[in-house]
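One structure is given here, and the rest of the page talks about it.
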Amino acid sequence: MDYDYKFKKNSEREVEKFVGIHAFSTSDLVGIGGIYKDTYKDFIVKEITETGDILELKEDRDSSPFLKNRDKYTTFNLIKVNRDTFNALNELCKALKISKWKLSYSGLKDKCSISAQKVSIQGDYVNELNNLNIKDIFIRSIKPSKKPVLLGSNRGNNFVITIRKIEDQNNLEQKLSNLLDRLRKYGFPNYFGLQRFGTYRPNSHLIGRYLLEGNYKRAIKEFVSTIYSSESKNLSKIRYKLGKSLDDVNKLRERYKSFPKGLTYECQLIEYLIVHPKDYQGAFNQLNEEIINLIINAFQSYIFNKLISLRVKKGISLFKPIKGDLISILDDINGHTTNATYLYGNYYDKYLGEVIDLNRASIVIPLIGYDTDLNDFPLMKKLFNQIIKEENLNPDIFNSKLLNKFNLKGSFRAMTTIPIGLKLIELSDDDKYKGKKKVKIEFSLNKGCYATMLLRELIK
């Protein structure tokens, strides 16, 4: 069996490059090594609310009564242990016997973690939530509300992370201190991490590309049968056999029997094709629109990652603007980008340089959608045109009706991000790996930023 995509060592760094992640902001500093997410207990993520409060794992305020003439939603803190966000929400829907459309949340959280996030349900579910009992899911601080939790409404996330299995080495403490100091001052590339693409099967951006190109059959193949060396050999064999039978409904039905039913989205696609042979576009119409949205957004994210990496490859600074860069002024409260933008290379250059140094402004890169005007990003437009050639892309892909359907009109995102309150909690002997060291750190990031992109700077 030949792999469609074979990585030499199946290492995280190889997989990162596959989704456009190449550059480090601390490339001149040696990493400390080690591993993270060795266990879910080593990765704790807590949502930061709009008001700046960090949700706590054990916080549990008494719930107040639901007043029908005032309240329309029931909000609560969802604590999940080693569970995917979609999986946890599906479990809630089953237990409460409600439609998934009644649930809303502000963002997705890592599966291999202990996480706390805000969720809301339309209607009065105070009593039901108080009496809920689901393995590895805990409901805290139930509160009736006039308004729901909205997607993207959180300010950011707080992380407490343990890096394990670090080799005992000379000057480890000094190496770590140098890295942390650099990250506190300058930050790191604001890449979209592997969670956006798939850690073991990093292909959501490819599926998104094929959907935008209208190549639904290729999108199906990529989704269910393309095999990666980074995935388990057993599952790769199953996918390989399945891929040979996509156009033969009898073989497809037979080989589907051995396909893991826990792979919900792949199963939905295959089951549809068994009933409706070769209707590849119809198969995708069966999927949750949120999933399709994420898949297409992954392609936008891939182009974003490539733009950062190409910039660094060309020797252009991540931290100092040059002519043709677009600069966004950050808002005073959250530090998020705003629509107050200026093109570098004009009258305001001195001022813009100063506010960037003060972390009050940021160089931004487009997330390209149907309404993006690349003339607003002169430097990035040149890099984008190079990527288009390298990827053999037709620029018309960004006129796809799917982008309109999901309102992916385009936006921009800070090219780098600086962690908030980055501190070393512990450097000690590893209690799990004899003779090794472990490091525990805490920091916060604005919403949409990936903790794993900070960790890769430390580990290398």
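The values are calculated or read from the model by the stated rules, or taken from the named source; none is laboratory data. Given the structure is predicted, the values throughout are model-derived calculations rather than measurements. All Cβ positions, glycine included, derive from the backbone under ideal geometry; neighbour counts span all protein chains shown.
Here is a check on your reading of the model: is residue 185 under 30 Å from residue 446 (Cα atoms) and at pLDDT 95 or above? Please lay out each step first, then the result.
On the way: under 30 Å from residue 446 (Cα atoms): yes; at pLDDT 95 or above: yes.
So residue 185 passes the test.
In region 1-60, the qualifying residues are those that are acidic (Asp, Glu) and over 30 Å from residue 170 (Cα atoms), and the one that is surrounded by the fewest Cβ atoms within 10 Å (Cβ to Cβ) is 2.
Quick check, is residue 188 in contact with a helix residue (DSSP H, G or I) (Cβ under 7 Å, 6 or more places away or on another chain), closer than 25 Å to residue 425 by Cβ and not acidic (Asp, Glu)? Taking the combined requirement at face value, the residue satisfies it.
A quick yes/no check of all residues on (1) in contact with a Phe, Trp or Tyr (Cβ under 6 Å, 6 or more places away or on another chain); (2) assigned to a strand (DSSP E or B); (3) of a type in the set (D, E, K, R):
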{"site": "104", "(1), (2), (3)": "no, yes, no"}
{"site": "107", "(1), (2), (3)": "no, no, no"}
{"site": "112", "(1), (2), (3)": "yes, no, no"}
{"site": "143", "(1), (2), (3)": "no, yes, yes"}
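Residues of region 185-237 that are hydrophobic (A, V, I, L, M, F, W, C) and surrounded by fewer than 20 Cβ atoms within 10 Å (Cβ to Cβ): 235 alone.
If you check 405, 423, 434 for being basic (Lys, Arg), out of contact with any helix residue (DSSP H, G or I) (no Cβ under 7 Å at 6 or more places or on another chain), loosely packed, with under 14 Cβ neighbours inside 10 Å and farther than 30 Å from residue 164 by Cβ, only one passes: 405. Of the residues making up region 275-310, those that are more than 24 Å from the chain's Cα centre (by Cα), in contact (Cβ under 8 Å) with a residue 12 or more places away in the chain and under 24 Å from residue 100 (Cβ atoms) are 281, 283.
Inside region 97-143, residues that are surrounded by fewer than 21 Cβ atoms within 10 Å (Cβ to Cβ) and over 30 Å from residue 42 (Cβ atoms) make up a count of 15. If you check residue 322 against the conditions, is it of a type in the set (Val, Ile, Thr), outside the structural domain of residue 215 (by TED's automatic domain parsing) and surrounded by 16 or more Cβ atoms within 10 Å (Cβ to Cβ)? Considered against the rule, which asks whether it is of a type in the set (Val, Ile, Thr), outside the structural domain of residue 215 (by TED's automatic domain parsing) and surrounded by 16 or more Cβ atoms within 10 Å (Cβ to Cβ), residue 322 comes out as no. In region 325-350, which residue that is in a loop (DSSP other than H, G, I, E, B) and more than 24 Å from the chain's Cα centre (by Cα) is surrounded by the most Cβ atoms within 10 Å (Cβ to Cβ)? Checked region 325-350; the qualifying residue surrounded by the most Cβ atoms within 10 Å (Cβ to Cβ) is 325. Quick one: is residue 179 more than 22 Å from residue 36 (Cβ to Cβ), in a helix (DSSP H, G or I) and in contact with a Leu (Cβ under 9 Å, 6 or more places away or on another chain)? Answer is no for this residue. Scan region 9-38 for residues that are touching a residue at least 40 places away in the same chain (Cβ under 8 Å) and assigned to a loop (DSSP other than H, G, I, E, B) and the total you get is 18.
For residue 455, state whether it is under 21 Å from residue 38 (Cβ atoms), of a type in the set (A, V, I, L, M, F, W, C), out of contact with any helix residue (DSSP H, G or I) (no Cβ under 7 Å at 6 or more places or on another chain) and not assigned by TED's automatic domain parsing to the domain that holds residue 25. Break it down into steps so the answer makes sense when it comes.
Values: under 21 Å from residue 38 (Cβ atoms): yes; of a type in the set (A, V, I, L, M, F, W, C): yes; out of contact with any helix residue (DSSP H, G or I) (no Cβ under 7 Å at 6 or more places or on another chain): yes; not assigned by TED's automatic domain parsing to the domain that holds residue 25: yes.
Yes; evaluated as a whole, the condition is true for this residue.
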